[in-house]
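Following: one structure in structure tokens, then a few remarks.
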Amino acid sequence: MKENCNIVKDLLPLYAENLLSDDSKKYVRDHLEDCDDCKEELEKMECIYAIENDTDILPLKSIVKKLNNKKKEVTATVLITVMMFFVIFNSYYYTEEYVKYSDGLIKFFVSPNGQVELAFNEKANTCRIATFKDGKDGYVYEVIGRNSLANKIRGLLNMLVKLITDWPVIDLY
């Protein structure tokens, strides 16, 4: 009987957690009907397992919630920072500066089909044209030369392509 108790005591932790095969469960159950010592040992184990399984997970849930909130805060901060950088960069990149008039800043040509064409020097590469009536039968045209970092960079890229490849470049975007 003592030998059977040793075997059953080895199997009791698995029995308490319901991890034994059906045959082993039957063997342990049959033994427990006759052996009070092993039955007492099983009751102790079940009490210990009941205490271990009754753990409070609220602190863990609280930690997980705090970590998720922190992750959301970091994500929002990074997104806002990237958007601010994008807005600031674009506003600087595309902000046009007005170029003070000088001789040769903008040249006007009349094409054979009657259209007016403009040519800029390196200081200006875009312009704004406003039309006003002069109070008589004619018009006054106001031409303001402008430049931006984007246009300067595009001009440099055009120049680089011309230098490297010797290809005719109309414009590079």
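The values are calculated or read from the model by the stated rules, or taken from the named source; none is laboratory data. Note that the coordinates shown come from a computational prediction; the quantities given were computed from them, not determined experimentally. We place every Cβ from the backbone using ideal geometry, glycine too, and count neighbours over all the protein chains shown.
Restricted to segment 1-40, and to residues that are assigned to a loop (DSSP other than H, G, I, E, B) and under 55 Å from the mean Cα position of the chain (by Cα), which residue is surrounded by the most Cβ atoms within 10 Å (Cβ to Cβ)?
In this case the residue turns out to be LEU20.
Tally time: how many residues in segment 71-123 are assigned by TED's automatic domain parsing to the domain that holds ALA150 and farther than 24 Å from ASN147 by Cα?
Residues that pass the stated criteria total 4.
Tell me, please, whether a residue that is modelled with pLDDT under 75 and not in a strand (DSSP E or B) can be found in segment 75-86.
no
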